[in-house]
Amino acid sequence: MTPPQKKKNKTALGTGIDIFLLAILGSFILRTVGFGFGIFIMTVLPFLLPSYGEATCLSGLLAMTTSVYVVVKMRRYLDWRRLGVILATFVVTSTAAIFVLKRLDNFYLRMALGIVLIVIAIYFTWLSGRIKLKAGVATQVTAGALSGVLGGFFGMQGPPAVLYFLSTEPSKERYMALIQTYLLTGNVVMLAVRAASGFLTPAVGWGYLYGLGGVAIGTMVGGMVFERIPQRSFRYVVYGYIAVSGIVILATL
């Protein structure tokens, strides 16, 4: 084996370990508070994959795997009628965003991602606790549209939907069942659109295999933590994670 080949294999191994560790933490966060996989992993993943579009594709695949387990486990708390409008709006806007994504330059996407992360961090850290959303068509359309744009461009569709479901559902179990079904359905749709756009590549496939074990570990540990969070404290745990992630994001951009 020549030196260049050794260097290439070492780099691939290092990337695989990075993805494995990122998947553990991302899945733990997603299983514990119901969202945050994309927010966490997309601060690093674009630097490990050949293109930004492939990074969003891998992020969605790994998050989708965690969501499958949670949806099956919590299916008795699921009410599909609560998902119709917000999910339909998300599908339309995320599909449009992904097709636009194919035509944008990676440098400007990363710059836009930095701006979006700052806005999300500021909003959730200082304003989310003061805003109470009411269930209704207008609110669902707004949340679904914002979620679709964030999901299509950045692979982080969770925040608007989280704010909506957390404000309208009476228990952490119903919230978790709805948000995970929403994220799972959305990621399935976006995976199909990303594949049609050429983002589902061998690099994404290898990254998924590297991250699969990490997803299993993070989901298992996150589930144990979720079961032990008192109902009355759950909302504060979610907002606490948002505040911490906002500080970390702002410090690393």
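The values are calculated or read from the model by the stated rules, or taken from the named source; none is laboratory data. Keep in mind that this is a model prediction, so the values were computed, not measured. Please note: Cβ atoms are built from the backbone with ideal geometry, for glycine as well, and neighbour counts cover all protein chains shown.
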List every residue pair whose Cβ atoms sit under 6 Å apart, with the two residues 6 or more apart in sequence or on different chains, where the first one lies in the range 69-85 and is outside any helix (DSSP H, G or I) and the second, anywhere, is β-branched (V, I, T). L78/T181
What are the residue pairs meeting all of these: first residue in the range 199-219, first residue over 23 Å from R103 (Cβ atoms), second residue surrounded by 16 or more Cβ atoms within 10 Å (Cβ to Cβ) and of a type in the set (S, T, N, Q), Cβ atoms under 6 Å, and 6 or more apart or on different chains? V215/S27; V215/T65; V215/T66; G218/S27; T219/S27; T219/T66
Might you let me know whether the range 57-72 holds any residue that is exposed (fewer than 13 other Cβ atoms within 10 Å of the Cβ) and at pLDDT 90 or above? yes
Checklist (1) surrounded by fewer than 16 Cβ atoms within 10 Å (Cβ to Cβ); (2) modelled with pLDDT of 90 or more; (3) of a type in the set (G, A, S) applied to S233, failing item: (2)
Quick check on F153: is it crowded, with 21+ Cβ neighbours inside 10 Å, within 26 Å of A97 (Cβ to Cβ), more than 15 Å from the chain's Cα centre (by Cα) and at pLDDT 80 or above? no
Scan the range 39-59 and give yes if some residue there is among the charged types (D, E, K, R), in contact (Cβ under 8 Å) with a residue 60 or more places away in the chain and closer than 23 Å to F165 by Cβ, otherwise no. no
